[in-house]
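Here the structure is laid out as structure tokens; the discussion comes afterwards.
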Amino acid sequence: MLEKSQAIDIFSQAGALLEGHFRLTSGRHSNQYMQMAQVLKYPAFTEQLARHLAEAFRDDGVELVVGPAMGGIVVAYEVARQLGVPGFFTERENGLMALRRGFVIEPGQRVLVVEDVVTTGGSVKEVIELVQQHGGQVVGVGVLVDRSNGQVDFGAKLEAVLTLDISSWEADECPLCQEGRLPVVKPGSRT
């Protein structure tokens with residue numbers, strides 16, 4: 001398991017923590033953003049971070065690892081590889097999280113849901129609901145970065161490699177918007 005200082009070192013070396021004015025996938029605004037693609041482009045970093053999650057769930061009988069596209073694709077693959085189980089991803093179809101590409105969750109299958117970063121946990125909650133609709137049993141949620149500082153409740157065991165307290169605001173309450181000095185940027189995968 002990685003210590004917090006080791007995880008911070010990995011994200012720092014990769015240049016993943018950005019400063020500015022950002023619109024998050026949730027619609028909230030923040031002065032910091034974790035650009036996870038900057039970390040996940042390095043296989044050695046990805047392997048280390050995923051090992052932390054794989055070890056946290058090694059004794060939970062995981063049979064399948066699932067992550068939402070885009071951020072969860074690489075994480076799901078690498079955690080699944082380390083656990084020796086299949087891994088796949090969900091995608092949006094007509095605005096809703098869906099299984100595509102012939103992916104199937106078997107009734108009773110023990111599923112670990114993973115994601116690169118969570119703020120409100122919206123995408124992860126959608127994946128959990130999809131797993132349950134298909135009869136899967138969610139044994140836990142693994143994330144590389146929990147921006148909620150542990151405030152998101154998924155109703156299952158949660159393991160984060162790194163937990164941060166990064167401020168975010170509803171768009172109409174954003175102090176950066178009120179100052180008007182920095183334009184808002186949407187760096188994530190959903191526009």
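The values are calculated or read from the model by the stated rules, or taken from the named source; none is laboratory data. This one's a predicted model, so the numbers in the text were calculated from it and none came from an experiment. Glycine also receives a Cβ, built like all others from the backbone with ideal geometry; neighbour counts cover every protein chain displayed.
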Checklist entry - Taking the condition touching a Lys or Arg at 6+ places or on another chain (Cβ under 6 Å), touching a residue at least 12 places away in the same chain (Cβ under 8 Å) and under 20 Å from Val141 (Cα atoms), does Thr25 pass? => result yes
Item to check | Number of positions in region 144-191 that are of a type in the set (S, T, N, Q), within 19 Å of the chain's Cα centre (by Cα) and more than 21 Å from Leu17 (Cβ to Cβ) | outcome: 1
Item to check | Among the candidates Gly61, Gly95, Gly140, residue that is modelled with pLDDT under 95, of a type in the set (Gly, Ala, Ser) and more than 26 Å from Ser12 (Cβ to Cβ) | outcome: Gly95
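Among the candidates Asp153, Asp172, Asp116, which residue alone is surrounded by fewer than 16 Cβ atoms within 10 Å (Cβ to Cβ) and in contact with a Gly (Cβ under 9 Å, 6 or more places away or on another chain)? Give the derivation first.
Working: Asp172 fails: in contact with a Gly (Cβ under 9 Å, 6 or more places away or on another chain); Asp116 fails: surrounded by fewer than 16 Cβ atoms within 10 Å (Cβ to Cβ).
It is Asp153.
Residue by residue, here is whether (1) assigned to a loop (DSSP other than H, G, I, E, B); (2) of a type in the set (Lys, Arg); (3) closer than 18 Å to Lys4 by Cβ; (4) touching a helix residue (DSSP H, G or I) at 6+ places or on another chain (Cβ under 9 Å) holds:
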{"site": "Glu115", "(1), (2), (3), (4)": "no, no, no, yes"}
{"site": "Ser123", "(1), (2), (3), (4)": "no, no, no, yes"}
{"site": "Val145", "(1), (2), (3), (4)": "no, no, yes, yes"}
{"site": "Ala156", "(1), (2), (3), (4)": "yes, no, no, yes"}
{"site": "Leu162", "(1), (2), (3), (4)": "no, no, yes, yes"}
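For region 119-128, give me each residue that is modelled with pLDDT of 95 or more, in contact with a strand residue (DSSP E or B) (Cβ under 9 Å, 6 or more places away or on another chain) and surrounded by fewer than 22 Cβ atoms within 10 Å (Cβ to Cβ). Before the answer, list the steps.
Step one: filter region 119-128 for residues modelled with pLDDT of 95 or more, giving 124-128.
With in contact with a strand residue (DSSP E or B) (Cβ under 9 Å, 6 or more places away or on another chain) added as a condition, the list becomes 124, 126-128.
Glu126, Ile128 - these are the residues of region 119-128 that are modelled with pLDDT of 95 or more, in contact with a strand residue (DSSP E or B) (Cβ under 9 Å, 6 or more places away or on another chain) and surrounded by fewer than 22 Cβ atoms within 10 Å (Cβ to Cβ).
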Checklist entry - Can you tell which of Val62, Val39, Val131, Val75 is in contact with a strand residue (DSSP E or B) (Cβ under 7 Å, 6 or more places away or on another chain), under 25 Å from Asp165 (Cβ atoms) and of a type in the set (Val, Ile, Thr)? => result Val75
Checklist entry - Does region 83-95 include one or more residues that are within 30 Å of Cys174 (Cα to Cα) and either crowded, with 19+ Cβ neighbours inside 10 Å or in contact with a Ser or Thr (Cβ under 8 Å, 6 or more places away or on another chain) (or both)? => result no
